[in-house]
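The values are calculated or read from the model by the stated rules, or taken from the named source; none is laboratory data. Worth saying up front: this structure is predicted, and the values here are computed from it rather than measured. Here Cβ is always computed from backbone atoms with ideal geometry, including for glycine, and neighbour counts include all displayed protein chains. Just the protein is used for accessible areas: all its heavy atoms, side chains included, with ligands, DNA and RNA removed. Shrake-Rupley method; radii C 1.70, N 1.55, O 1.52, S 1.80 Å.
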Amino acid sequence: MKVLVTGGCGFIGSHLVRRLISQRVNVVNLDKLTYAGNPANVADVARSPRYRFVKGDICDERAVSRAAKNVDGIINLAAETHVDRSILSPGAFVRTDMLGTYVLLEEARRRKVKFFLQVSTDEVYGSVDRGAAREDSPVRPTNPYSASKLGADRLAYSYFATYGLPVVVTRGSNTYGPNQYPEKLIPLTIIRAMLGQPIPVYGDGKNVRDWLHAEDHARAIWTAARKGRPGETYNISGRCPMENIRLVRTILEELDAPASLIQFVRDREGHDRRYAIDDEKIRDELGWRQTEPHAANGVTKTVQWYVARRDWWEPLVRKNEAFNKYFEAQYGSRWKRGTP
Ligand code: NAD
Ligand code: TYD
């Protein structure tokens with residue numbers, strides 16, 4: 001079996017690539033190596049005879065065609081993924097997340113692949129005020145990231161409905177664990193706490209996210225690729241809902257860092273209040289289960305990983321001009337304007 005994984009040098013993609021290689025699957029990893037793509041994330045499998053890396057853009061038909069030669073299936077994780085960046089600058093999101101998915105779907109159609117797994121997100125449901133969204137609940141994305149992801153999610157479905165392409169869609173919840181680029185809440189908090197720097201918490205800190213471990217997410221994606229029914233969508237929940245402020249406090253306690261580092265800052269525009277999804281379908285139909293169902297345990301291990309892997313994150317943040325520029329654009333005007 002040979003699988004094309006896109007975005008395999010990113011956070012979740014790297015966990016998936018490692019899992020596939022360990023299961024003796026041949027992997028072609030097509031990745032553009034944007035700021036979020038890091039070859040170090042897959043360094044431990046890079047020498048495997050079952051692994052091939054292709055540097056390229058999923059919007060580039062020729063690169064996609066080269067990478068997809070003789071593959072049995074495609075798993076698309078390549079995307080622009082950070083909501084705050086999508087608010088600053090939506091163009092790259094529309095391009096990669098929507099147009100790139102179209103290019104991959106066309107290639108899949110031409111090659112008649114045995115499966116096409118589109119990695120989508122629970123953010124397509126928008127804020128879920130009560131209960132939990134099921135796969136057939138209304139979709140109400142509120143920012144350019146989640147709207148672009150929904151565009152790709154439904155375009156992929158349309159290739160099933162129109163051309164009979166065996167498409168399966170997964171909608172995973174907020175993911176955490178080793179290798180996550182330090183712009184997202186958990187790694188940002190850990191690293192800033194380690195450096196003794198203030199931690200920006202948006203609004204009143206009471207927004208709720210459901211935390212899923214990256215290894216559980218990767219395993220769910222592979223389960224859905226192999227066993228999911230074509231045309232179906234599967235939610236993947238962490239079953240670990242937490243208010244942001246509680247999560248941040250947990251991390252600070254874990255690091256023995258003072259709570260005074262917390263700084264409430266101006267809220268994100270259109271900030272979804274609560275994400276919650278029902279995962280009965282993937283559990284009942286495909287037998288998938290979380291192995292890290294207590295975010296507190298997972299967070300402890302994740303904190304330990306970042307403590308041990310300064311060599312991994314330091315070059316990404318310290319004296320890194322691109323990161324500092326982003327940080328200033330994102331947070332510069334936010335400090336001291338929050339609602340404590
Ligand atoms: P990430 O930002 O860590 O990595 C994205 C990867 O895609 C990087 O390696 C990057 O170089 C690559 N990439 C970006 N644009 C590309 C392009 N045009 N062509 C080829 N490669 C490109 O992302 P992640 O957090 O690992 O997310 C992976 C997927 O999972 C995404 O589709 C995302 O929408 C989805 N998802 C993420 C989460 C989460 O909490 N992180 C939750 C649910 C779903
Ligand atoms: P994030 O990790 O960006 O994921 P997403 O926006 O995809 O849910 O953010 C998680 C939550 O943390 C979200 O409610 C926004 C909040 N947040 C902060 O309070 N401060 C920050 O600096 C960041 C990046 C996020």
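Here is a yes/no grid of residues against (1) surrounded by fewer than 21 Cβ atoms within 10 Å (Cβ to Cβ); (2) under 19 Å from L252 (Cβ atoms); (3) touching a Cys at 6+ places or on another chain (Cβ under 7 Å); (4) without any contact (Cβ under 8 Å) to a residue 60 or more places away in the chain:
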position	(1), (2), (3), (4)
M194	yes, yes, no, no
D204	yes, yes, no, no
R219	yes, no, no, no
A224	no, no, no, no
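So which residues in segment 151-173 are assigned to a helix (DSSP H, G or I), under 15 Å from I75 (Cβ atoms) and of a type in the set (A, V, I, L, M), if there are any at all? Residues satisfying the conditions are A152, A156. All of (1) within 11 Å of ligand 1 (Cβ to nearest atom); (2) surrounded by 22 or more Cβ atoms within 10 Å (Cβ to Cβ); (3) of a type outside the set (K, R) hold for P182 with one exception: (2). Restricting segment 280-290 to residues that are touching a helix residue (DSSP H, G or I) at 6+ places or on another chain (Cβ under 6 Å) and assigned to a loop (DSSP other than H, G, I, E, B) leaves a set whose member that is least open to solvent (accessible area, probe 1.4 Å) is W288. Of all residues in segment 98-117, those being closer than 15 Å to V5 by Cα, part of a helix (DSSP H, G or I) and either more than 10 Å from ligand 1 (Cβ to nearest atom) or of a type outside the set (G, A, S) (or both) number 6.
Determine if segment 241-257 includes at least one residue that is touching an Asp or Glu at 6+ places or on another chain (Cβ under 7 Å) and farther than 30 Å from D72 by Cα. Among the residues of segment 241-257, at least one is touching an Asp or Glu at 6+ places or on another chain (Cβ under 7 Å) and farther than 30 Å from D72 by Cα, which makes the answer yes.
For segment 201-216, the count of residues that are within 10 Å of ligand 2 (Cβ to nearest atom), closer than 19 Å to F11 by Cα and basic (K, R) is at least one. When Y125 is tested against (1) over 13 Å from the mean Cα position of the chain (by Cα); (2) touching a residue at least 60 places away in the same chain (Cβ under 8 Å); (3) surrounded by fewer than 24 Cβ atoms within 10 Å (Cβ to Cβ); (4) under 22 Å from H82 (Cα atoms), exactly one condition is not met: (3). In segment 30-53 there is at least one residue matching the filter, namely being in a strand (DSSP E or B) and either open to solvent by less than 10 Å² (accessible area, probe 1.4 Å) or within 16 Å of ligand 2 (Cβ to nearest atom) (or both). Quick check on segment 232-279: of everything there that is without any contact (Cβ under 8 Å) to a residue 24 or more places away in the chain and surrounded by fewer than 16 Cβ atoms within 10 Å (Cβ to Cβ), which residue is farthest from ligand 2 (Cβ to nearest atom)? So the residue we want is D256. The residues in segment 54-91 that are open to solvent by 40 Å² or more (accessible area, probe 1.4 Å), assigned to a helix (DSSP H, G or I) and away from ligand 2 (no atom under 16 Å from the Cβ) can be counted, and the count is 5. Scanning segment 132-161 for residues that are more than 16 Å from ligand 1 (Cβ to nearest atom) and either open to solvent by 50 Å² or more (accessible area, probe 1.4 Å) or aliphatic (A, V, I, L, M) (or both) turns up R134, D136, P138, R140, F160, A161.
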